[in-house]
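Report on the structure given below.
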Amino acid sequence: TAQIDVSDVWEVRRTIEVETAALAARNATPEQCARIVELTELMSPDDVDKGPDTETDIAFHLAIADACGNALFRQIFVSFVPLMRDSVPKAWETRQTQQERVDIINLHRTLAAAIARGDADEARRNMVAHFDESIGVLLRA
């Protein structure tokens, strides 16, 4: 069997989560939208030196999967959680300046806002930007 590379995992995650974000924008309840937004508010720019809590970041992505309305997407996402506990802190460490860290938090907030507005196209674009900025840096490091 072939060895699974970190880039393989992120490629699959990106593919799944981009569409999950669009589905969440279409299908999320007001309560689910509120939870997604609330999780981004816990990612405080005041904490930019240490980065957002890994579990909060995972909860944010899981909340989007929950809101998409497709239980299989959620199950697939859950399978990535153990890998995320290792990779999220590593991705954060690649942020060299406070502004880079603030920008990543703002990407989460922009994505949450698009989902809350029900804008599937914007949610999709924001998730692409989130992966390109958050994960792309890790893969290039």
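The values are calculated or read from the model by the stated rules, or taken from the named source; none is laboratory data. These figures come from a predicted structure and were not determined experimentally. All Cβ positions, even for glycine, are placed from backbone atoms using ideal geometry, and neighbour counts span all protein chains on display. The protein model used for the area step is the full one, side chains on, heavy atoms only, and it has no ligands, DNA or RNA in it. Shrake-Rupley method; radii C 1.70, N 1.55, O 1.52, S 1.80 Å.
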Per residue convex hull volume, Cα only, region 62-125, in Å³ is 89 Å³
Could you tell me the extents of region 1-127's C-alpha atoms along the three principal axes, largest first, rounded to whole Å? 45, 35, 22
Test item: Cα-centred dipole of region 72-137, Lys/Arg +1 and Asp/Glu -1 on Cβ, debye: 220 debye
R0 = 35 Å: FRET efficiency of Val102 with Ala71, Cβ-based, nearest 0.05? 0.50
Share of the chain's accessible area from carbon and sulfur, percent, 1.4 Å? 52 percent
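Based on the mean of other beta carbon atoms within 10 Å per residue, what is the order of 93-105, 8-20, most packed first?
Result, highest mean Cβ count within 10 Å first: 8-20, 93-105.
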R0 = 25 Å: FRET efficiency of Val81 with Ala34, Cβ-based, nearest 0.05? 0.65
Per residue of region 90-100, what does 6.51 cos²θ - 1.76 cosθ + 1.60 with θ = phi - 60° give for ³J(HN,Hα)? Whole Hz please, x for Gly and Pro, Karplus curve as stated. 5, 5, 4, 5, 6, 6, 8, 10, 4, 5, 4
